[in-house]
1. Out of all the residues in the stretch A:188-205, is one or more basic (Lys, Arg), within 12 Å of chain B (Cβ to nearest Cβ), part of a loop (DSSP other than H, G, I, E, B) and without any contact (Cβ under 8 Å) to a residue 24 or more places away in the chain?
2. State whether the residues of the stretch A:201-219 include one that is loosely packed, with under 14 Cβ neighbours inside 10 Å and either touching a Lys or Arg at 6+ places or on another chain (Cβ under 9 Å) or within 30 Å of residue B:232 (Cα to Cα) (or both).
3. Just one of the numbered conditions (1) surrounded by fewer than 24 Cβ atoms within 10 Å (Cβ to Cβ); (2) more than 10 Å from every other protein chain (Cβ to nearest Cβ) is not true of residue A:627; which one?
4. Looking only at residues that are away from every other protein chain (no Cβ under 14 Å) and small (Gly, Ala, Ser) in the stretch B:292-325, which one is farthest from the chain's Cα centre (by Cα)?
5. Among the candidates B:163, B:147, which residue alone is touching a residue at least 40 places away in the same chain (Cβ under 8 Å), part of a loop (DSSP other than H, G, I, E, B) and either out of contact with any helix residue (DSSP H, G or I) (no Cβ under 9 Å at 6 or more places or on another chain) or of a type in the set (Lys, Arg) (or both)?
6. Among the numbered criteria (1) within 21 Å of residue A:92 (Cβ to Cβ); (2) in a helix (DSSP H, G or I); (3) within 14 Å of chain B (Cβ to nearest Cβ), which one does residue A:596 miss?
7. When the stretch A:46-71 is examined, which residues are found to be crowded, with 17+ Cβ neighbours inside 10 Å and either without any contact (Cβ under 8 Å) to a residue 60 or more places away in the chain or of a type in the set (Gly, Ala, Ser) (or both)?
8. Being over 21 Å from residue A:628 (Cβ atoms) and within 14 Å of another protein chain (Cβ to nearest Cβ) is the filter; apply it to the stretch B:252-275 and report the residue that is surrounded by the most Cβ atoms within 10 Å (Cβ to Cβ).
Amino acid sequence: MFSAQQSCWFVRKVICWRAAASIAWAVLLLPPTTAAFIILSRFSILHPFQWISECLSLLTSASAIFSFILLGGVIIIVGFLNLEYYTVIPNIACSKIALLGQLLHPRQFLSSLVHCIMGIIVAWCCAVTIGGRYETLGYPCVESDGSPEMCLNEYHLVLLLAGAFVGFSHSLLGVIHNMNYVSFHTVQRYKYLRFKGSLPLVVKCSATQALYSVRNYIVIYFFLGYIPKTWMCKTLNLHLNSSLHSLDTIAGLLDLCLIYHLWISATFLLFTWYITLVLFRIFVTEVYSFPVQSSFTEDSHQCLPKVITEKQPMILKFLALQDLALLSQHAPLRRSEVFSLSQPGGHPHNWNAISKECLSLLSDLTQRLIVYHDTVATNGRAKPLSTGSERKTSSDTSGDDPFTPKSTPLMKTPASVFTRSVVGGPQSPLTAPFTPDLDSPFASPALRRLTAPVGQCSPWHDTVQSPHIMRRGPKLWSTSTDSHVNGSPQLSPASVPSPKQEVSKPSLLAQFLQNRKEQVKNFLAKRVLIMYLFNKLPEASSQALFADSQAHIWALEGLSYLVQASFSEDRFGVVQTTLPSILSSMLVLQEAVDRHFKLPHASSKPVRSSGTMGDCHYKTLRFALRATLKTAIYRITTTFGDHLSTVQMSAEHRKRLQQFLEYKE
Amino acid sequence: MCSLALFPPPLPSGHTTLCESNNELLSGASSEDHRLIQVSQNKLGINTAFLDHSETLWMRSAAAWRDGGFTGLLNEITNSHTEDIFQILKIWCTLALLQWVSSFHGSLFPHLTLSSEDMIAEFSQVLNWPDCVVRAFAWHPHTDKFAVALLDDSIKIYNPKSATTPTLKHRLQRSVAAVQWKPLCASALAVACQNCLLVWHVDPCSLSTRPSSGCAQVLSHPGHSPVTSIAWSPSGSLLVSASPMDTAMMVWDVAAENCVPLQRVGGGGVTFLSWSPDGSHVLASTPSLLFRVWETRMWTCERWPCVKGRCQSGCWSPDGSRLLFTVQGETVIYALTFTDAPGKVYTAAAVVADLSETTFNTQDGDITVGGEIQSLAWDPKGERLAVLLKGLVQSDRPPVIAVFKTRTSPIFELLPCGFVQGEPGAEPRLMQFHPNFQHGALLTVCWSTGRITHVPFYFLSAGVPHFGLNGSPSLPRPQERPSDFANQSLFTEMIS
């Protein structure tokens, strides 16, 4: 489980400590939570003094301290699972079958099992603290023939099983609602205030979620309750007390006191776990200030220009970009370090590294959008093949010379980026007719490989395809941080295999196979269940496309603020060399994003996020990106104004920029 | 300290302020060529075209629930004339209980007992908001276009470069208290409404005169209504909104439509917001004797208790280092200074101007001017400060706009400039400076007659051009005589 990312200095020195601090706070919050739970669970309006005194004596008893220790252990394990399973790029399932795949993944299964066990432990602690009829599993009873025996206490069993069920459903819902996704907030606040602000939501969510879970649990126990009951009786050699009526009947389950205790225990369980999760999110997303340059060479790998280019771990890259966006807005001193020249040599290494990385992020997103748009736009129609038209990749850009402004591949096509793909698109004649949609499970393998950075959506397809694709399979299945490799914005188009090998002469055999395939496809398409499982969920592919767009948003903000500041602060003119490529890559991205939002299935408005613990931030990232992009271009045009006429750029871009200068976008 | 006694006397009746040039305010006898927009006084609306129709109690209750929440529902039911006595009795009891609880709460915060219309009228920056024809006005921060919210809850957008005048109407757009354009964006307009916030996206190239309600984003949060004030961050990324009913101030990420409530105990609500031009601070005033200044980096706040009344209005200097504010019940302007330097903590605000009643002897007899202040506006170069004085109806003291010349460096200084007056009978209701007028400052005033006029102040800026992070570099201004501009006022040619 400890992958290569654990060796990174940042994870060792920062993330682990942050996680440890969050767990420590969660454990410290346990006593007040437990006290509240005890007071609420023993609630009796008729005997208030007895109620209070009982609670006080219970809180100081030995069993309570033992429960504290147990619960603390549970919190530590939950916190560890949070650290192990968190991700900054959500794993979005594009179809029902993909979701099913995520749920049945072994790693997920392990997490569910652990949650189940911990649910039982928490429920046992609850049973002990509530006391009364819940306290022990067995109790002495007298059989009908008069002999003393041990009987099974069904109330205790119901509570334990409820804990297991709530733990299990918590872990399942965690996958469905992407609860392991950690989002970054635009409004920076101190940790204490953030925690205080999220507390009402946590209470509300745990109470409602507990209500739903208890409802489902009661239904399941009503139908299947006899199985664990008889099993427990057999293994522990206990007897069922025939004088009491059994709990898996309607009359037994309609005990309001029992339902209340089940609900309050489930709320307590979920509340402690949600608190751990919220604290983890708050601590891990806290701003980390990287030095822009260091006077010691051994610290140079911790500096912003170096860190920002790292591919792994993803959290490091995200925090570095966040720091860049903040320093470009608020810190004039650190900005001046970005604009500074290296002492021997006089090269603007800092600015070059930062701008190059930001531009490559933007061009990567542009490429992804173009590929996606092409596959959607062709919509199953064959394109005329123009031989020898190979797809241009960005691999031919040489970023070694610090004085050459990084020329993106998009600079070379002054005309619209989309014209190129029409002339010689990435599709081969073989695959093109069978590509109804990118994320359709029936997409051809060649296309899926081409669009590898995009389509982490339908893992089913990958597992049944050729071994070549199988290699990528495990990553697609995982819910873990490993998937960063796949959805990484670093994945340049150069790593995508050239479609050339696919462009062979269509032989008879291949054609025959293709015909067969289409027949199978048509056959399957008529089955309702299959279509239900494989049909794309609305919006999901669009969300998946922009899953890591928080990085792009920060890159855009950082670049635009730095360019704006350079108007008055950049003494050596280091930004001016890169200004044309910054502008053109922003304009090209703007065009691609505009195109994407004009696609028929892309909704034009964000969905309102409901109050769940799962973070819905990723659902609105594409809208945030669109707004940020426009603001970033306007920021540059309002700062430079008419001076932009002297910047070299293609006629197409100049026309587009003129629209921005006249405030007509 | 500057006082009204130093001001030149007000104009004789029948004269209208035209512009400032050569350091004095010029006036004219009639204003037929300077009339720019005449807004119809009639309360427009389609309601009059429909007959009254009675629905069942349940339907009305559902509608009231949707529009007014729980209290709206209860009011609807109590106002209904149904025969079910038992039902009425139950609801009456509930309402009585609620009123008892809320009267306790209301005794702490009296403004909570107001209806939402009265509340907007009480806390709005517009003088006499309920019967004001122009309820809100906003210049676009970068181009020559502006939005006007009218009495019939529609918003019109005027742009001299385009022949169309889009009219924005929305089902939820009622009792508009404020409008503001998003900075660094051509199209987004935020509107503070009775129950929600609307963000319109009006395509500047579109020829449509009635953008559909699909162009508007609806931002609402339970308990956050009526919205009386909004402010965009100067970088265009965030929007804050305030409601006197809600102790939390909302910070909206508009594109993602999610909000962060910034809750603080005390105050009982937030009434007025103003974001400093450099983006570093936000002024948030409350209905009680307290206002806060938020710092926008980590969103922490300073509490500033007032002695006499609540903070009525405020404005920031262009560099965001100085805050001018006024307090209800007092006739002075206070100043607060914010510096980055640590250790320099101000514990009290300084009085910079006294606007108490002053009597001028003119040929028409004695004219009394002065009193409480409704709103403040500082021009984006920091050289003119306009103050809208409330006036008093019973003592025959009409509302008037007093304009100061200001200087921020080396020391802060206020000098009298003059009074801006309109036609006889027209009272100023609302004013705003043009955000980037090249030749000085341009004050836009909305009058009680429904007119909107622009009063230019021609001067050469004393300070060096400000190349701040958030200010666009101003072009070098050639020395031009004001007569060159006298005949090319901004919107004369297109709007009859």
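The values are calculated or read from the model by the stated rules, or taken from the named source; none is laboratory data. Predicted model, so just to flag it, every value in this text is computed and none were measured. Every residue, glycine among them, receives a Cβ derived from its backbone with ideal geometry; neighbour counts consider all protein chains shown.
1. Within the stretch A:188-205, one or more residues are basic (Lys, Arg), within 12 Å of chain B (Cβ to nearest Cβ), part of a loop (DSSP other than H, G, I, E, B) and without any contact (Cβ under 8 Å) to a residue 24 or more places away in the chain.
2. no
3. Evaluating residue A:627 over (1) surrounded by fewer than 24 Cβ atoms within 10 Å (Cβ to Cβ); (2) more than 10 Å from every other protein chain (Cβ to nearest Cβ) leaves (2) as the failure.
4. B:321
5. After applying the criteria, what remains is B:163.
6. (3)
7. First, the residues of the stretch A:46-71 that are crowded, with 17+ Cβ neighbours inside 10 Å: A:55, A:58, A:64, A:67, A:71.
Result: A:55, A:64, A:67.
8. Our first condition is that a residue be over 21 Å from residue A:628 (Cβ atoms); within the stretch B:252-275, this holds for B:261-274.
Okay, now just the ones that are also within 14 Å of another protein chain (Cβ to nearest Cβ), so B:261-265.
Numbers: B:261: 15, B:262: 23, B:263: 13, B:264: 17, B:265: 6.
Filtering the stretch B:252-275 for residues that are over 21 Å from residue A:628 (Cβ atoms) and within 14 Å of another protein chain (Cβ to nearest Cβ), the one surrounded by the most Cβ atoms within 10 Å (Cβ to Cβ) comes out as B:262.
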